[in-house]
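A.B. asks: Before we start, here is the structure in question, set down as structure tokens.
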Number of protein chains: 2
Amino acid sequence: MTNKPTPRPGGRSARIQAAVHQAVRDLQQEQGRAGLTVPAIATRADVTPSTIYRRWGDLAQLLADVAVEQLQPEQPPADTGSVRSDLLAWLVEYFEEMSSAPGRAMLRDVLGTEGHTSAGKCDGFLRQQIEVINERGLARGEQPMDIGRVTQIVVAPLMYRILFANETPTAQAIEALFEQLVSSADA
Amino acid sequence: MTNKPTPRPGGRSARIQAAVHQAVRDLQQEQGRAGLTVPAIATRADVTPSTIYRRWGDLAQLLADVAVEQLQPEQPPADTGSVRSDLLAWLVEYFEEMSSAPGRAMLRDVLGTEGHTSAGKCDGFLRQQIEVINERGLARGEQPMDIGRVTQIVVAPLMYRILFANETPTAQAIEALFEQLVSSADA
DNA sequence: ATCACTAAGGCAAAATATTTGCGTTAGTGG
DNA sequence: CCACTAACGCAAATATTTTGCCTTAGTGAT
């Protein structure tokens, strides 16, 4: 919904979407989730509420849409010289963001809506970032990391802790899981 | 919120909570999420909407409350003779439930609300069930399974697939992860 | 038992939010 | 430049949530 699956993405639609998304982010930061209401967002974005209801259906879907957009990586992972160090550095940063209050809020918004599309995109972004690291490594003659194993051994347990145990993984904890990943890869 | 943290759990409170929970389950089944609105629930439960708003705050929190209650195990895991077979059988059943449409809806409700309490309880239930299996095994002289490793190696990856990849784990996939668990335990 | 006490519920009015019908605006394609 | 129509604005109609005030019914003391 962020790009152009819309039949008519011409200027206006895009402008309004941008204004609404911006309004959501602004209000979210200024006031917490309270005061984050469709009419308030509409006013801030200089749009009528009905526009929002017609385009997004309801608040939950709008928030999910915005969350997905914010989850979308803006930059490729830092190039630190090797696949392993790139991946570890990226994972630490990623889970630091996901554990933060705004990160948790985004996860809630994304996981709380019916369409699996939003959550699916998160997984897509993650794979995409790892893919970039792998391709860079490949160009250096390194062995790529199996993405499925990265999510199974490192990502999934960390996500579980954030979501179900309300923990905030330390860098140390991430490194420990990462160690399991690379040691089982070497075998 | 299900038992008695309320200062005054005497008959009425409990009765109303039961009626409201029941109404939610009924309406949820009869009509999907649509038509699952606070006034509708109130009518069905023979209660005024304001009662619901005052006690639960909003629909999301009520749904999370009901979901947690439904996630609570009603029976101890089946006794199949050994810790391993008990655990595997229970995991297969558990994830079958979680992958189903109602299961996914419950997960959404639980993960979509702010208080980490709901999600935390899910993890608690899970640990509790495994604990029962372990204790039974202990009485037979068996080695208990480390609960942390069960969630890390088996539960978390499966949950990740359900939530982020919209997959429905097959019994085979569960067995494969279980195999990793026991083989790494033997080492 | 009876009674004073108060948490929790009912009711109804007020405030908000959501939906909808219909006219208008502004990209799109010819 | 014009016809076409998706998407928006506006405002009236609905539906929902919130609130003040009153009533009901557990609770604990006598």
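A.B. asks: How large is the accessible surface per residue of region B:70-186, computed with a 1.4 Å probe and reported in Å² as a whole number?
C.D. replies: Numbers: 5380 Å² over 117 residues.
With all protein chains present, region B:70-186 gives 46 Å² per residue.
A.B. asks: What accessible surface, in Å², does a 1.4 Å probe find on B:GLU69, ignoring ligands, DNA and RNA and rounding to the nearest 10?
C.D. replies: Spelled out: B:GLU69, probe radius 1.4 Å, area about 50 Å².
A.B. asks: Taking accessible area as the heavy-atom solvent-accessible surface of the protein chains with a 1.4 Å probe, which residues of region A:138-175 lose no less than 40 Å² upon going from the isolated chain to the full protein assembly?
C.D. replies: Correct list: A:GLN152, A:ALA156, A:TYR160, A:LEU163, A:PHE164, A:ASN166.
A.B. asks: Work out from phi, with θ = phi - 60° and the Karplus expression 6.51 cos²θ - 1.76 cosθ + 1.60, the ³J(HN,Hα) of each residue of region A:151-165, listed in order in whole Hz, and give x for Gly and Pro.
C.D. replies: 5, 5, 8, 10, 5, 4, x, 5, 5, 4, 5, 5, 6, 9, 10
A.B. asks: Share of region A:73-186's accessible area from carbon and sulfur, percent, 1.4 Å? Please report the intermediate quantities before stating the final value.
C.D. replies: Details: 2600 of 5180 Å².
Carbon and sulfur atoms account for 50 percent of the accessible area of region A:73-186.
A.B. asks: Residue by residue through region B:97-108, which ³J(HN,Hα) values in whole Hz follow from phi under the Karplus form 6.51 cos²θ - 1.76 cosθ + 1.60 (θ = phi - 60°), with glycine and proline marked x?
C.D. replies: Going residue by residue, I get 5, 5, 7, 5, 4, x, x, 4, 4, 5, 4, 4 Hz, with x marking Gly and Pro.
A.B. asks: Okay, moving on. Indicate the residues belonging to region A:89-114 that lose 30 Å² or more of solvent-accessible heavy-atom surface (probe 1.4 Å) upon moving from the chain alone to the assembly of all protein chains, ignoring ligands and nucleic acids.
C.D. replies: A:ARG108, A:LEU111, A:GLY112, A:GLU114
A.B. asks: Would you compute, from DSSP H runs of 4+ residues alone, the mean residue ellipticity of the protein assembly as shown at 222 nm, taking -39500 (n - 2.57) per run and dividing by the full residue count, rounded to the nearest 500?
C.D. replies: -22000 deg cm²/dmol
A.B. asks: Accessible area per residue, 1.4 Å probe, Å², for region A:11-57: what's the number?
C.D. replies: Value returned for region A:11-57: 58 Å² of accessible area per residue.
A.B. asks: Determine the gain in length on full extension of the stretch A:ARG15-A:ALA173; use 0.36 nm per residue of separation and subtract their C-alpha separation, reporting nm with one decimal.
C.D. replies: This chain segment gains 52.6 nm when fully extended.
A.B. asks: Any chance you could give the angle, 0 to 90 degrees and rounded to 10, that helix B:11-30 forms with the longest Cα principal axis of chain B?
C.D. replies: 80
A.B. asks: Any idea what the A:ARG25 label distances to the other copies are, label 7 Å down the Cα→Cβ vector, nm, shortest first?
C.D. replies: Here A:ARG25 shows inter-copy label distances of 4.4 nm.
A.B. asks: Please compute the modelled spin-label separation between B:ASP46 and A:SER184, points set 7 Å along Cα→Cβ, answer in nm with one decimal.
C.D. replies: A separation of 5.5 nm, rounded to one decimal place.
A.B. asks: Which order do the peptides B:127-133, A:12-18 take when ranked by the mean count of other beta-carbon atoms within 10 Å per residue, highest first?
C.D. replies: Values: B:127-133: 18.4, A:12-18: 13.6.
Per-residue mean Cβ counts within 10 Å order the peptides as B:127-133, A:12-18.
A.B. asks: For the interface of chains B and A, what total accessible area is buried with a 1.4 Å probe, rounded to the nearest 100 Å²?
C.D. replies: Rounded to the nearest hundred, the buried surface is 2300 Å².
A.B. asks: Once you sort the root eigenvalues of the Cα gyration tensor of the protein assembly as shown as a ≥ b ≥ c, which label holds: rounded (a/c under 1.5), prolate (a/b larger than b/c) or oblate (the other case)? Working shown, then result.
C.D. replies: On the way: a/c = 2.18, a/b = 1.06, b/c = 2.06.
Cα axes put the protein assembly as shown in the oblate bin.
A.B. asks: A follow-up question, please. If you average the C-alpha positions of region B:118-166 and of region B:78-106 separately, how far apart do those two centres end up, in angstrom?
C.D. replies: The two parts, judged by their Cα centres, are 10 Å apart.
A.B. asks: Taking the label point 7 Å from Cα in the Cβ direction, how far apart in nm is A:GLY81 from each other copy of itself, listed shortest first?
C.D. replies: Label point to label point, same position, other copies: 5.7 nm.
A.B. asks: How large, in percent, is the carbon and sulfur part of the accessible surface of region A:11-57 at a probe radius of 1.4 Å?
C.D. replies: 49
A.B. asks: Could you work out the mean count of beta carbons from other protein chains within 10 Å of each residue's beta carbon in A:120-133?
C.D. replies: Mean shielding count: 1.
The values are calculated or read from the model by the stated rules, or taken from the named source; none is laboratory data. It should be emphasised that the depicted structure is a prediction, and the values quoted were computed from it without experimental measurement. FYI the Cβ positions are ideal-geometry reconstructions off the backbone, even for glycines, and counts take in every protein chain you see. Accessible surface areas use protein heavy atoms only, side chains included; no ligands, DNA or RNA. Shrake-Rupley method; radii C 1.70, N 1.55, O 1.52, S 1.80 Å.
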